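The values are calculated or read from the model by the stated rules, or taken from the named source; none is laboratory data. Predicted model only: the values in this text are computed from it and were never measured. As a convention, Cβ positions derive from the backbone with ideal geometry for all residues, glycine included, and neighbour counts pool all protein chains shown.
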Amino acid sequence: MELNRCNTSEDYLALVNGPAFTLRWLLEYHLSRSRGRAVTIAGFCSPCARTVDFVAPFDGAWHAPDGTLVPNWRDFLRCPACTMNGRQRRVAQLITEWAMDLACRDHVRGYVMEQVSPLYRWSTTTFPWVEWTGSEYLGAGKIGGREEKGIRHEDAEALSFADATFDLVVSCDVLEHVNDPSAAMAEIMRVLRPGGRAILTFPMDPALERNQRRAARVDGTVRHLLPEIYHGNPLSRRGSLVFTDFGWEVLAQLRAAGLSDAALYVYWGYELGYLGIQFYFLGHKAPPT
Ligand SMILES: [Zn+2]
C-alpha cells in the first residue's frame, strides 16, 4: 500500500497527476471494462486478516469520458466477509495502529461516531481491552447520552461527554451532514485527551478551495442553498442531508480547531482493495507543554 501525506492542494495535485496515479487509473479503467455484473478483485482484507475476493458492483458508478462505467470504489468495493468498504477497512487499519501504540496502557478509551456499523462491531470485538463508545444521531430533540433500543444518541455539535474523555475519536462521513462543522470539530477536540488522535473521513472536493454550504439550519428549520443531496444512512430510509461540500479550507479549519498536525492522507493499494483516489484526515490534539 502507498500512503502520501498532503498538506496543500499543490501536494495533492502533484500526486494525483503524477505517473503512479496515471498507471493506477489505467488499471482501474481496464478492470471496469472487463466487467460482468461486478468487478471482483482477489486480495487481502486487513480487518478480517485473510484473503478474500473484494467485489465492486456498479451501484453509484460514474462514467469515464468514453462512457465506460467505473465503480465507486470508495463506497462500494466491499469485503464479502466483514462487508466493509475500502474506506472502512482503511480506518480499521488505522484503529489497529492506534490500539497497538497504546497496548501497554490502562484505561484506554475510544469513541466511534457510529454504532450500527460493521466498523464499530469490529472495533469492539477486535480490541476488547479498549473501552469503546459508539453513537448515532437519532434526531432533533433527543438527549445526548440516552439510549433507544440499545443505541446511544449523540449530536456531533453538542456531545454529552466530559472534556478529555477519549484517546481516540473516529468520525466517518459525519461532518458533511452537520449544520456547523466547526462546532463539531471543536467538540471532537474537547472530548479528546491531550495527545489523543482523531481519524476523520468525509468527502472533500479537491477542486474547491473554500467550503461550500449546501444547506443551513436556522431556528430549527433547514434552508436549502443548493440542490439537496442525501447519503445513505442505516437508520433513515431517506438518508442524511449533505450540509457542506468541503474544500481545502477544511484543513485550516481542523488545524484551527486544535489538530495542529492535521493533514490529508491519500492511500492506494490493489491487494488491500483500496482503489480510486481515496483519502482520510488524521491529526493529534497537542499534548500539554
Ligand atoms: Zn473483511
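Cβ-Cβ contacts under 9 Å between residues 6 or more apart (or on different chains), taken from a first residue in region 82-95 that is aliphatic (A, V, I, L, M) and modelled with pLDDT of 95 or more to a second residue that is near the ligand (Cβ under 7 Å from one of its atoms) and not in a loop (DSSP other than H, G, I, E, B), are listed as MET84/CYS45.
For region 131-150, the set of residues classified as in contact with a strand residue (DSSP E or B) (Cβ under 9 Å, 6 or more places away or on another chain) and either within 21 Å of ASP180 (Cβ to Cβ) or in contact (Cβ under 8 Å) with a residue 60 or more places away in the chain (or both) consists of SER135, GLU136, TYR137, LEU138, GLY139, ALA140, LYS142, ILE143, GLY144, GLY145, listed by residue number.
Among the criteria (1) outside any loop (DSSP other than H, G, I, E, B); (2) under 22 Å from ASP75 (Cα atoms), the one ARG190 does not fulfil is (2). Would you say ALA252 is small (Gly, Ala, Ser) and surrounded by 21 or more Cβ atoms within 10 Å (Cβ to Cβ)? No. Checking every residue in region 139-153 against the condition of being surrounded by fewer than 14 Cβ atoms within 10 Å (Cβ to Cβ), of a type in the set (A, V, I, L, M, F, W, C) and at pLDDT 95 or above gives at least one match. Among residues belonging to region 74-126 that are within 23 Å of GLY60 (Cα to Cα) and among the small types (Gly, Ala, Ser), point out the one that is farthest from the ligand (Cβ to nearest atom). The selected residue is SER117. Residues that are away from the ligand (no atom under 16 Å from the Cβ) and either modelled with pLDDT of 95 or more or aromatic (Phe, Trp, Tyr) (or both) were ranked within region 40-70; the one that is surrounded by the fewest Cβ atoms within 10 Å (Cβ to Cβ) is TRP62. Scoring SER34 on the criteria (1) more than 24 Å from the chain's Cα centre (by Cα); (2) polar (S, T, N, Q); (3) surrounded by 11 or more Cβ atoms within 10 Å (Cβ to Cβ) leaves a single failure, condition (3).
Please specify each residue of region 199-243 satisfying the condition of being hydrophobic (A, V, I, L, M, F, W, C) and part of a loop (DSSP other than H, G, I, E, B).
Let us first name the residues in region 199-243 that are hydrophobic (A, V, I, L, M, F, W, C), namely 199-200, 202, 204, 207-208, 215-216, 218, 222, 225-226, 229, 235, 241-243.
Listed by number, the residues that qualify are PHE202, ALA207, LEU208, LEU225, LEU226, ILE229, LEU235, VAL242, PHE243.
Selection of region 120-144 for residues being under 22 Å from ARG89 (Cβ atoms) and hydroxyl-bearing (Ser, Thr, Tyr) yields TYR120, SER123, THR124, THR125, THR126, THR133, SER135. Going residue by residue through region 2-13, is there one that turns out to be surrounded by 13 or more Cβ atoms within 10 Å (Cβ to Cβ) and either within 16 Å of the ligand (Cβ to nearest atom) or more than 25 Å from SER171 (Cβ to Cβ) (or both)? Checked against the condition, which is being surrounded by 13 or more Cβ atoms within 10 Å (Cβ to Cβ) and either within 16 Å of the ligand (Cβ to nearest atom) or more than 25 Å from SER171 (Cβ to Cβ) (or both), region 2-13 yields at least one hit.
Scanning region 244-255 for residues that are without any contact (Cβ under 8 Å) to a residue 60 or more places away in the chain and outside any loop (DSSP other than H, G, I, E, B) yields a total of 3.
Taking first residues from region 110-129 that are without any contact (Cβ under 8 Å) to a residue 60 or more places away in the chain and in a loop (DSSP other than H, G, I, E, B) and partners that are of a type in the set (Gly, Ala, Ser) and crowded, with 18+ Cβ neighbours inside 10 Å, the Cβ contacts under 8 Å between residues at least 6 apart in sequence or on separate chains come to GLN115/GLY134; GLN115/SER135; PHE127/ALA99; PHE127/GLY110.
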